[in-house]
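Notes to accompany the following structure.
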């Protein structure tokens, strides 16, 4: 009797010695092991409403990384900016000033609620010299690059 090659051996070009591994029936313990465990501590728990992702433009000048974001309708004081040498996080909330009830809308396309955006910076920046400004609903963050080629001479002091 000629043994037929399995799909795995045809696909990999290997022998049939591993075929039995995939054909073995699983025990209940093995099946239980693969199930995700959900431990809800609070019966009233509900997932947080996902925040919107802030659209950004990121570009460089010879001496800085510049990030621009559209933040129209957001008070500048309510924008949080977190910065490290390698990463920038912008978050905030755009509050909806309700004039009418939901059923009176024909279209709702504007985003209202919390937003956040984390950007991995292409180069290390100097966090102490970073600047942020807002004009006409555009947030502009200027992040000076660290000059890694800059050199200085140290003098040795005697005590």
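The values are calculated or read from the model by the stated rules, or taken from the named source; none is laboratory data. Quick caveat: nothing in here was measured; it's all calculated off a predicted structure. Counting neighbours? That spans all protein chains shown, and the Cβs are built from the backbone with ideal geometry, glycine included.
List every residue pair whose Cβ atoms sit under 7 Å apart, with the two residues 6 or more apart in sequence or on different chains, where the first one lies in region 137-159 and is on the phi > 0 side of the Ramachandran plot and modelled with pLDDT of 80 or more and the second, anywhere, is part of a loop (DSSP other than H, G, I, E, B) and surrounded by 13 or more Cβ atoms within 10 Å (Cβ to Cβ).
As it stands, the answer is 137/71, since those pairs meet every condition given.
A quick yes/no check of all residues on (1) under 19 Å from the mean Cα position of the chain (by Cα); (2) free of Cβ contacts under 8 Å to residues at least 12 places away in the same chain; (3) surrounded by 12 or more Cβ atoms within 10 Å (Cβ to Cβ); (4) closer than 28 Å to residue 145 by Cα:
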{"position": "67", "(1), (2), (3), (4)": "yes, no, yes, yes"}
{"position": "89", "(1), (2), (3), (4)": "yes, no, yes, yes"}
{"position": "107", "(1), (2), (3), (4)": "no, yes, no, no"}
{"position": "132", "(1), (2), (3), (4)": "no, no, yes, yes"}
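Of the conditions (1) assigned to a loop (DSSP other than H, G, I, E, B); (2) loosely packed, with under 12 Cβ neighbours inside 10 Å; (3) in contact with a strand residue (DSSP E or B) (Cβ under 6 Å, 6 or more places away or on another chain), residue 74 fails just one. Which one is it?
Only one criterion is unmet by residue 74, namely (2).
Residues of region 77-120 being touching a helix residue (DSSP H, G or I) at 6+ places or on another chain (Cβ under 7 Å) and not in a loop (DSSP other than H, G, I, E, B), which ones?
83, 92, 93, listed by residue number.
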